[in-house]
Structure formats: structure tokens, C-alpha cells
Amino acid sequence: MAGEKPDVLLVGARKPVLIGGLEPKVNLHYLLEAKDQDAFIKSVGDKIRAIAVAYMANKVDANFMQRFPKLEQISSFGVGYDYIDAKWAGAHGITVTNTPEVLNEEVADTALGLLLCTVREFPQAERYLRAGKWVDKQYPLTKATLRNRTVGMVGMGRIGKAIARRLEAFGVPVVYHSRNPQPGVSFKYYPKLLDMARDVDTLMVIVPGGASTQNMINAEVLKALGPNGILINMARGSVVDEPALIEALKSRTIYSAGLDVFAKEPQVPKELIEMDHIVLFPHLGSSTEVTRAAMDQLVVDNILAWAAGKPPLSPVPETPWPRK
């Protein structure tokens, strides 16, 4: 009925921006607070019309969405939405939105930080100092430097372009591989990932997760990268064949790696943790209060646009607007 608040399911914690933005406008139901989530969904499923997802550990597949017969909108936190079956959603009249743009610069900053830490061994040097070793001996000169490297970008979307701008400012040559050449991008384009891996000594991975990119950085790519090669993964853990990477690092098939993401987060393989010549971040990409609040706000704004009968602000390609 007109004037009634729509029922919205929150999959995630009671974050201030989400609660402050949504509670006055919708009837909010909290999935993660239910002791029996299955029973809870049965009790509210028939009236839920939108879902705000701020907890990406929950798989939003066809089976999940079918439990909400009136579902019209899913507002997802983050750029990546590989945990949502967006193709199925689009085929069933459900719009999926994500939170692009607001985190581009933060993730690009993290990517450069991870690259610098890996190439110059900054975390290792800091541990060396804290262990009291500097009083006896200077930290060894690092073998790697950015000065003679070429970075091959695996992916050249919004964040990839932001990373490439920073690399250009550092005086580091950039080339890239993606499914198609990007309009307005002057960097050399490689149609084949293996060809690029052979020609560069650093791979910066920033592509979406999902079936199409599963294990695209495999043993063959790592071998092509070579013994001076450094892999930086800012994408999803699924994009890299983790056992193959571990073996490549153990055998020194590649020189080093900087990883912000892992296959089974927050679990990180013991073999990686025990390696001192690599750098590991706990998925820091967009992890600042300012940027996370902006991402939460875009989740809210997409829900409120839907509730007001307005077009979504950031629909994903699988659920374009206006609907085809």
C-alpha cells in the first residue's frame, strides 16, 4: 500500500551509516542476528523486496534469491560482486548494484603501497630494526628496484587506470592485458596474458573475481614471468592458482609476491606465512573509515533510490538500467 515502508533484509552488521540511512525509510530485518537464519528467512521471505548486502561471506545465489518471491533489488557493498549470481538476478527482474568509484583512489594507493613494500622489502626492514639487528649491521641492500621494471596490468578498469596513473608518476613503464582494448588508454595492449607475462617483470592483478577469471594467474603465467618476476594481487584470491604460486615462490620460479587477497580468506596458507621474501596484507584495499563510510552510503543510496521509484545509481552490467 502507498505510504508503507518497504521491507528490506540487511545481510551484515549494524554499521552506523547503513542503520542511520535505512531505518527511518524502510522496515529493516537483520539476517545475521537471527539464531536460526533458515527459520528467520521463512518468517520474513514473503515480504522482503530488497536486500542490502554488507557481508560478502553470504553467497547470494539462485537458491537464496528464490526464497524472496517479491525481491526487486540487491544493493551490494564493494566493487566485486562475484558472490552474487547477477546473471540469474537480471534474468528474473532483480537489479543488482555495487559501490564503484568511491573506492578507486584508496585501492590504488594500497596497490602502490603493496608494490613498494614488496620490491623494496620495507616490512622486512622494519622487522629487522625492531629485532635490534640494525645496531650490529645495516639491513642488506635490496636486489629489486622499481627503476628497471615494467608493470603489466592485468585488468584496466576504473581502479586499474588509477593505479596506472600512479605508476606513470613514478616513472614506471606500464602495459596491460584485458578482455578488450580500453578506449582512451595509451598504454600498450596485449591480447594474450602469456605474451605480456613474458615481456614484463611485474604483474599487477586488478580484475573481477568469478568463473571467467578463476586461476587465470596459473603456473604457466608464473613461469613466463620468470625469476625476476614479482606478482601483486589486488583482485580476488580466486584469480591466482594459490598452490601454483606457492610452488613458484618456493622454487624461485618468480622472485617475490605481494598479496592483499587470498583464496580462502581470512585463512592464509601456512606456506605463505612462513616465507619471509614476500609481503602479505589482510585485504586492506579500501580499508579506511572515510572510504568504507562512502561505500556504505552508496549501498544506502541505491536502496533509497529504489524505494522512491527512481533508477539505481550504480547497476552492474548484468542488470542494466533501464531494463532491456
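The values are calculated or read from the model by the stated rules, or taken from the named source; none is laboratory data. Predicted, not measured: the structure shown is a model, and the values here were computed from it. Using ideal geometry, Cβ is built from the backbone for each residue, glycine included, and neighbour counts are taken over all protein chains shown.
Is it true that Val44 is of a type in the set (A, V, I, L, M), surrounded by fewer than 19 Cβ atoms within 10 Å (Cβ to Cβ) and closer than 23 Å to Ala308 by Cβ?
Judged against the criteria, Val44 is a match.
Would you mind listing the helices (runs of 4 or more DSSP H) fully within region 17-127 where at least 1 residues are under 30 Å from Arg147 (Cβ atoms) and acidic (Asp, Glu)?
104-120
Of everything in region 245-261, what is surrounded by 21 or more Cβ atoms within 10 Å (Cβ to Cβ), out of contact with any Ser or Thr (no Cβ under 8 Å at 6 or more places or on another chain) and outside any strand (DSSP E or B)? Give them in sequence order.
Leu245, Ala248, Ile254, Tyr255, Val261 - these are the residues of region 245-261 that are surrounded by 21 or more Cβ atoms within 10 Å (Cβ to Cβ), out of contact with any Ser or Thr (no Cβ under 8 Å at 6 or more places or on another chain) and outside any strand (DSSP E or B).
Would you mind telling me which numbered condition in (1) part of a helix (DSSP H, G or I); (2) over 22 Å from Gly210 (Cα atoms); (3) touching a residue at least 24 places away in the same chain (Cβ under 8 Å) Val175 fails?
(1)
Given the structure, is Ser212 free of Cβ contacts under 8 Å to residues at least 12 places away in the same chain and either within 21 Å of Lys59 (Cα to Cα) or not assigned by TED's automatic domain parsing to the domain that holds Gly152 (or both)?
The answer is yes for Ser212.
Take the residues in region 48-66 that are modelled with pLDDT of 95 or more and surrounded by fewer than 15 Cβ atoms within 10 Å (Cβ to Cβ); name whichever of them is farthest from the chain's Cα centre (by Cα).
Gln66
State the number of residues belonging to region 138-182 that are more than 23 Å from the chain's Cα centre (by Cα) and loosely packed, with under 13 Cβ neighbours inside 10 Å.
Here the count works out to 10.
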